[in-house]
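Reading through the C-alpha cells given below for one structure.
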Amino acid sequence: MNQKSDYLALRARGLRLQGLDCDLLVAAYLLNSGIRTPSLEALASDILHRAIEGKEALLGSGKAAQSCTQVEVARVAAFYGDRMRIIMELAPRLLSDLERLQNAALFRDLEMPLLPVLAEMELAGVSIDIPYLQQVSRDLYEQLQRLDQEIADVAHGPINVNSPVQLARFLFEDLNLPGGRKTKSGYSTDATVLEALRDLHPVVGKILEYRQLSKLKGTYVDALPALVDLQTHRVHTSFNQTVAATGRLSSSDPNLQNIPIRTDYGQRVRRAFVPGRAGDLLLSADYSQIELRVMAHMTEDPLLLESFAQGEDIHARTAAEVFNVARDQVTPNQRRMAKVVNFGILYGLSDFGLARDIGMNPENARVFIETYFRKYGRVREFLEGIKMMAREQGYVETLLQRRRYIQDIRSPNRQLRGAAERVAVNMPIQGSAADIMKLAMIELDRYLREHELRTQMILTVHDELVFEMPVDERDRLVEVVPDLMASVYSLRVPLQVDLKIGQNWQDMERVRVVAAQA
DNA sequence: GACCTGTGC
DNA sequence: ACCTCGCACAGGTCG
C-alpha cells in the first residue's frame with residue numbers, strides 16, 4: 001500500500017525495509033496519473049466496486065482525531081484486515097495492467113527504486129537558520145507597517161491590502177482607476193493588473209510591494225521555523241510521488257519546491273537554508289535547459305540539435321534566427337522575446353498569450369510565432385504529431401513510456417480542446433525531464449550508498465538536486481555528481497549539469513559545468 | 001471550503 | 001465574442 005509511510009514508520013524504529021516492490025498507490029498512479037491522487041478507498045471503489053472505510057471512520061478527523069492506540073484493538077484489527085484483503089485482490093490486477101500498458105519496467109526499475117530514496121530524503125530533512133529568519137521577519141514587519149500606514153494615508157483610513165475586495169473598492173471606486181480584467185467576484189487586483197496601473201498613482205507601487213513582502217513573510221519567513229522538527233531541528237517535507245499528472249514529484253508540508261529566488265527578499269529567504277553541521281556545505285546540481293534539450297531530442301529539429309551540440313546560448317540563437325540577425329548582433333530585448341517564445345512553445349503558446357507576455361499586439365505575435373515555425377519546422381511537425389497521437393489513442397507519453405490520458409482532446413468546444421492540446425504538448429517534455437531526474441536520483445543514491453559516503457541528498461526541485469556534504473567529500477562529488485547526472489540518459493543532444501557549492505542555498509559558487517556526449 | 005493571489009520550475 | 005501558457009502548493013480573506 002503506501003510503502004513510503006511504511007518504510008518511514010519502520011525506519012523511525014531503526015529498521016530499513018528492503019525489497020519494496022509493489023506500492024499500489026504508485027502502480028495506480030502510473031496507470032492513470034490524471035485523475036486524482038490515488039487512495040485505497042478510491043481503488044477499492046473504482047476497480048473492485050467495493051466500499052471500504054477510510055481512516056477517518058476508524059480514528060475520526062480534524063481535532064477529534066485519535067491515534068490508533070486509543071481505539072479498541074478488535075476495531076483496528078478489523079479495519080486493517082479489510083484493507084489487507086483489498087490490497088491482496090488489487091495487487092495482481094494492477095500489476096497485470098502495468099504489463100499490458102508496457103509500464104512494468106517504469107514501475108519496477110524507476111518508480112519503486114525511487115521510493116526509498118524519497119523516504120530517506122524526507123527523513124534527512126533540511127536545516128534552517130531560525131535566528132536569521134527571525135531577524136528577516138522583524139525587518140519585514142517594519143516594512144509592512146510602514147507600507148500599510150502609507151496606503152492608509154492615501155485611503156483616508158485603514159484598508160486590508162490582503163483583501164482583494166477591499167483593495168478593488170479602494171482602487172477602482174475611491175481612486176477611480178480604470179478597472180481591467182474581472183474575476184468571478186469582481187475586478188481582478190493581481191500583479192499584472194496592478195503593474196498596468198503603476199504609473200497612474202504612486203500608491204499602486206506600494207501595494208505591489210506590500211503584497212510581495214506579505215507573501216514572503218506569511219508563506220516562508222514565519223511559516224518555516226514553525227515547521228522545524230523538535231527532535232531533529234530540521235524541516236522534513238513530504239515528496240509526493242503520485243500527485244503531478246506529468247510524472248514530476250511534488251513537495252508539501254512544507255512545499256520546498258517554491259522557495260523564492262527572484263527578488264532581493266526572496267534571496268534572503270533562500271539564505272536561511274544551510275547545512276546542519278558546522279563546516280559542511282550545500283552542493284547544488286541542476287540540469288541546464290533540460291526541457292528544451294528534451295524538445296530538441298524529440299523533434300530532431302536540425303537547428304535545435306546544432307545549437308545544443310555547439311553549446312550555444314539557445315535563446316540568443318533563437319533570436320538570431322527569428323529576427324534574422326547575426327548571433328553577435330542580438331539585442332538583450334530580442335533575446336528576452338526569443339526566450340519567452342522558447343518556453344512558450346513548451347506550453348503550447350497562443351499568439352494571445354505571447355502578445356500578453358512580451359507586450360506586442362496579437363497580430364505581431366502571430367507573425368513572430370509563424371517566423372519561429374518557419375525556422376524550426378520540425379518543432380511544428382512534432383507538436384502536430386503529439387496532438388494527433390493524443391486524438392487517435394487518447395494519451396501521450398514520455399521517453400520512458402509514462403502515460404497521460406488526455407481528456408477533451410476531441411471536444412467540439414474550442415476552448416476545452418485548446419486546453420487539452422496544450423496539456424498534450426507539455427506532458428511528454430515536462431514528464432521526460434522528470435523521468436531523467438528520477439533516474440539520476442536513483443543512481444546518485446546508489447553511488448553514495450555503495451561508497452559509504454556521508455553526503456546526503458536532501459532536496460529535488462524539478463531540475464535541481466541539493467546535497468548536504470562534508471567538506472572532505474567535496475572533491476569526489478564535484479567529479480561524480482555532474483558526470484553521473486549528465487550521462488544517466490542519452491539524448492540526441494548533450495545533457496548539461498551546472499554544479500554549485502556554498503554555505504547556504506543562495507550564496508553559491510559555480511564550480512563546474514559538465515556536458516555529456518550526445 | 002471557495003476564491004484569489006503568488007511563489008517555484 | 002470568445003480566447004489569454006504547462007505543472008505544482010500554500011496563505012489570506014470571506015461567508
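The values are calculated or read from the model by the stated rules, or taken from the named source; none is laboratory data. Computed from a predicted structure; not experimentally measured. Cβ atoms come from the backbone with ideal geometry, glycine included; neighbour counts cover every protein chain shown. The protein model used for the area step is the full one, side chains on, heavy atoms only, and it has no ligands, DNA or RNA in it. Shrake-Rupley method; radii C 1.70, N 1.55, O 1.52, S 1.80 Å.
Starting from the Cα gyration tensor of chain A, take the square roots of the eigenvalues, sort them a ≥ b ≥ c, and report rounded, prolate or oblate (rounded when a/c is under 1.5, otherwise prolate if a/b is larger than b/c, else oblate).
Taking the square roots of the gyration eigenvalues as a ≥ b ≥ c, chain A is rounded.
Under 1.5 on a/c is rounded, so check that first for the stretch A:57-165, then, if it is not, pick prolate when a/b is larger than b/c and oblate when it is not; a ≥ b ≥ c are the square roots of the alpha carbon gyration tensor eigenvalues.
prolate
Identify, among A:A105, A:L43, A:L95, the residue whose Cα sits farthest towards the positive end of the charge dipole of the stretch A:3-123, taking +1 on the Cβ of Lys and Arg and -1 on the Cβ of Asp and Glu, with the dipole about the Cα centre.
Selected residue: A:L43.
Only Lys, Arg, Asp and Glu count, each charged at its Cβ (+1, +1, -1, -1), so figure out the dipole size of the stretch A:3-123 about its Cα centre, rounded to 20 debye.
For this selection, approximately 260 debye.
Using only alpha carbon pairs under 8 Å that are at least six residues apart, calculate the relative contact order of chain A and give it in whole percent.
Once normalised by length, the contact order is 17 percent.
At a 1.4 Å probe, what is the % contribution of carbon and sulfur to the accessible area of chain A?
49
Evaluate the charge dipole of the stretch A:291-431 about its Cα centre and quote only its size in Debye, nearest 20, assuming +1 on the Cβ of each Lys and Arg and -1 on the Cβ of each Asp and Glu.
380
Taking θ as phi - 60°, what are the ³J(HN,Hα) couplings along the stretch A:271-279 by the Karplus curve (6.51, -1.76, 1.60), each to the nearest whole Hz, with x for Gly and Pro?
These are the phi-based 3J(HN,Hα) values: 5, 6, 8, 9, x, x, 10, 4, x Hz.
Give the ranking of A:F323, A:F170 by solvent-accessible surface, highest area first, calculated with a 1.4 Å probe.
A:F323, A:F170
Could you tell me how far the Cα centroid of the stretch A:174-241 sits from the Cα centroid of the stretch A:416-493, in Å?
One Cα centre to the other: 31 Å.
Compute the signed sum of charges (Lys and Arg +1, Asp and Glu -1) over the other residues within less than 14 Å, Cβ to Cβ, of A:G247.
After counting each charged neighbour, the total is 0.
Just grab the label-to-label distance for A:E300 and A:D46, each label 7 Å out from Cα along the Cβ direction, in nm (one decimal).
3.5
If the reach is capped at under 22 angstrom between alpha carbons, list the lysines near A:K375, excluding any in the same chain fewer than eight residues apart.
Of all the lysines, those that pass the test against A:K375 - Cα under 22 Å, at least 8 places apart if same chain - are A:K339, A:K387.
Would you work out the charge dipole size for chain A about its Cα centre, treating the Cβ of every Lys and Arg as +1 and the Cβ of every Asp and Glu as -1, and quote it to the nearest 20 debye?
Its charge dipole is roughly 940 debye.
Of A:H233, A:H297, which has the most accessible area with a 1.4 Å probe, and how do the rest follow in descending order?
Result, largest first: A:H233, A:H297.
Give me the accessible area per residue for chain A, probe 1.4 Å, as a whole number in Å².
It amounts to 50 Å² per residue over chain A.
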